[in-house]
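Engineer: Before I ask anything, here is the structure I am working with.
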Amino acid sequence: MAPAWDLLVRGGTLIDPAQSIHAKREVAFSGGRVADVAETLTGEAFETIDATGALVTPGLIDLHTHVYAGLSTGRHADQTSLAHGVTTVVDAGSAGWMTLPGLRDYVIPAYRTRVYVFIHLSATGLTINRVMPELAEIKFAQVEEAARAVAENAALVLGIKVRIAHGATGEGNQANAREALRRARQAADLARVPLMIHVSETPIPLPEILDAMRAGDIATHILNGHAENVFGPDGRVRREVRAAQERGVVLDVGHATIHCDFKIARRAIDEGLPPTTLSTDLHTPPAGRIVYNLRGVMSQFLALGLSVDDVIASVTSRPAAAIGKSAELGSLAVGMAGDAVVLDLEEGQFTYTDGARNEVNATRRFRTRHVVRAGRRLPAAHADHL
């Protein structure tokens, strides 16, 4: 008699925040999807994974990456994400409408990682940003072309991205920053998709940016330590930040080491402002700077005070909701995409450093034991940074 399933994961503790499950469960996969979930499954599979002592979660989702491999800042998604348990990534603005075809036609088809895109408001995306700011010339911000690219690539492109930062709109150029914000809002509205805004090192006030954001939009780098951060002059969380959170703006980490300040993050969590989602801002950094992978970021926020279940939710069910894919991703309910990761919660002494040289000392960290993509086991990698 033929085995009932392609793959069976046995012996682990399933954490599936979308279903409010934190319990011993066995998970079976067939045809690239979740076939069955139960405390005990009787039956055979072509392959069985022993997850004894480990956590089993839906495949991780990284909401902010740059995987346009071949560009100066792009990374290879399979090597830097999938091998660590990240089965779905969102490329956040590497490509604009002029450069999207290269990403779409040549880069993404080579990946096993599932990739979605937020297209940059700038026609060139980030292809020129190590030579000049991509929106220093505001003529690159082409509303109609960006919206058209979304419409013509609806299965791939899920939103608009803009960087409201000195390094994007020109050093100290508030006029360009405001015009870029206005055009980004216009493009997202025209395309009827969410808007993702880089809010670190902004030349205009953070409240002004947040006031332009609506439910479902994404404020990335929300826990940066620059002057316009989540805390106001009185040292408390700004009322505009609270209001944005309450109306459904996604508060995303977008770590990158330089865009997440551990002191700001700890204070925010202590004041009841945890991030909605954890993400890496995966890219090729300049020499001497570390970029942590998603497991490294997860381990840091576990040490900063988030619970294990909150950490898992912030990289599974919540980013799935943020990109409108909750019916397919972010859970191991029967019928969902067959993406999963088996994680060990390793005990020890681990030190993480942010861009300001603040340190977080952790006594636990996540390590990848097995990766499952489309119901098939893949090799796993173990380092915390790239």
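Engineer: Which length gain, in nm to one decimal place, applies between Ala287 and Phe46 when the Cα-Cα distance is subtracted from 0.36 nm times their residue separation?
Structural biologist: Full extension from Ala287 to Phe46 adds 82.3 nm.
Engineer: PRE reach from Glu179 (point 7 Å along Cα→Cβ): which of region 93-128 fall under 17 Å by backbone N?
Structural biologist: 121-124
Engineer: Taking the Cα atoms only, what angle lies between the long axis of helix 143-152 and the longest principal axis of the chain, rounded to 10 degrees?
Structural biologist: Relative to the chain, helix 143-152 is tipped by roughly 20 degrees.
Engineer: Roughly how many nanometres apart are two label points built 7 Å out from the Cα toward the Cβ at Asp234 and Ala154?
Structural biologist: 4.6 nm
Engineer: Under a 1.4 angstrom probe, counting protein chains only, how are Ser200, Ser72 ranked by accessible area, largest first?
Structural biologist: Putting Ser200, Ser72 in descending order of accessible area: Ser72, Ser200.
Engineer: Quick one: accessible surface of Trp5, probe radius 1.4 Å, all protein chains present, in square angstrom to the nearest 10.
Structural biologist: Trp5 exposes around 30 Å² with every protein chain in place.
Engineer: Translational diffusion coefficient of region 312-357 at 10 °C, 1.306 mPa s, Stokes-Einstein with Kirkwood Rh over Cα pairs, in µm²/s as a whole number. Don't skip to the end; give the middle numbers.
Structural biologist: Numbers: Rh = 13.1 Å.
Translational diffusion coefficient: 121 µm²/s.
Engineer: Now for a separate question. Mind checking which aspartates and glutamates have their C-alpha under 17 Å from Lys24, skipping anything on the same chain fewer than 8 residues away?
Structural biologist: Result set, ordered by chain and number: Asp16, Asp36, Glu39, Asp50, Asp309, Asp344.
Engineer: If you average 1/r over every pair of different alpha-carbon atoms in the chain and take one over that average, what Kirkwood value in Å do you get? Walk me through the numbers before you get to the answer.
Structural biologist: Details: mean 1/r = 0.0479 Å⁻¹.
In the chain this quantity evaluates to 20.9 Å.
Engineer: Compute the Cα gyration tensor for region 182-295, then decide on rounded, prolate or oblate, letting a ≥ b ≥ c be the square roots of its eigenvalues: rounded whenever a/c is under 1.5, prolate when a/b is larger than b/c in the other cases, and oblate in all that remain.
Structural biologist: Oblate, since a/c reaches 1.5 and b/c is not below a/b.
Engineer: Over all directions, how big on average is the projection of the convex hull of the alpha-carbon atoms in region 213-363, in square nanometres?
Structural biologist: It is 10.0 nm².
Engineer: Setting aside same-chain residues fewer than 8 positions from Lys139, which lysines have a Cα under 24 Å from its Cα?
Structural biologist: Qualifying lysines at Cα under 24 Å: Lys161.
Engineer: Another question about this same structure. Might you tell me the accessible area per residue for the chain, computed with a 1.4 Å probe and given in Å²?
Structural biologist: Ligands and nucleic acids excluded, the result is 38 Å² per residue.
Engineer: Could you give the length gained on full extension between Ala4 and Glu271, defined as 0.36 nm per residue of separation minus the Cα-Cα distance, in nm?
Structural biologist: 91.2 nm
Engineer: Moving on. So how much slack lies between Gln19 and Ser326, counting 0.36 nm per residue of separation and subtracting their Cα-Cα distance, in nm?
Structural biologist: On the way: separation 307, 0.36 × 307 = 110.52 nm, distance 1.15 nm.
Roughly 109.4 nm would be gained on extension.
Engineer: Per-residue accessible area for Arg33 at 1.4 Å probe radius, Å² rounded to 10?
Structural biologist: Here the residue's solvent-accessible area equals roughly 90 Å².
Engineer: Heavy atoms only, probe 1.4 angstrom, no DNA, RNA or ligands counted: give me Asp310, Asp344, Asp50, Asp217 ranked by accessible area, highest first. Before the final figure, lay out each step's value.
Structural biologist: Numbers: Asp310 65, Asp344 45, Asp50 95, Asp217 5 Å².
Result, largest first: Asp50, Asp310, Asp344, Asp217.
Engineer: Still on this structure, please answer the following. Mind ranking Leu304, Leu156 by accessible surface for me, highest first, 1.4 Å probe? Each step should come with its number before you reach the end.
Structural biologist: Values: Leu304 5, Leu156 25 Å².
The most accessible residue leads, giving Leu156, Leu304.
Engineer: Something else about it: Send over the semi-axes of region 1-152's equivalent ellipsoid, whole angstrom and largest first, taken as the square roots of 5 times the C-alpha gyration tensor eigenvalues.
Structural biologist: Numbers: eigenvalues 335, 43, 38 Å².
Calculated on Cα positions only, the semi-axes equal 41, 15, 14 Å.
Engineer: For Tyr352, tell me the accessible area in Å² from a 1.4 Å probe, rounded to the nearest 10.
Structural biologist: In the full protein context, Tyr352 sits at about 10 Å².
Engineer: Based on the mean of other beta carbon atoms within 10 Å per residue, what is the order of 219-231, 264-276, most packed first?
Structural biologist: Details: 219-231: 23.5, 264-276: 18.9.
Top to bottom by mean Cβ count within 10 Å: 219-231, 264-276.
Engineer: Could you check how much of the accessible area of region 153-223 is carbon and sulfur, as a whole percent, using a 1.4 Å probe?
Structural biologist: Of the solvent-accessible surface of region 153-223, carbon and sulfur hold 49 percent.
Engineer: Ok, one more. Could you state, as a whole-number percent, how many of the C-alpha pairs of region 1-53 are farther apart than 16 Å?
Structural biologist: When every Cα pair of region 1-53 is considered, 37 percent fall beyond 16 Å.
Engineer: Continuing with this model, one more query. Please compute P(r) over all alpha-carbon pairs of region 104-247, binned at 5 Å starting from zero, and give each bin as a whole-number percent.
Structural biologist: Once binned at 5 Å, the Cα pair distances of region 104-247 give 2, 10, 19, 21, 20, 15, 9, 4, 1, 0, 0.
The values are calculated or read from the model by the stated rules, or taken from the named source; none is laboratory data. Please read these numbers as outputs of a predicted model, since none were measured by experiment. Using ideal geometry, Cβ is built from the backbone for each residue, glycine included, and neighbour counts are taken over all protein chains shown. Calculation scope for accessible area: heavy atoms of the full protein, side chains included, ligands and nucleic acids excluded. Shrake-Rupley method; radii C 1.70, N 1.55, O 1.52, S 1.80 Å.
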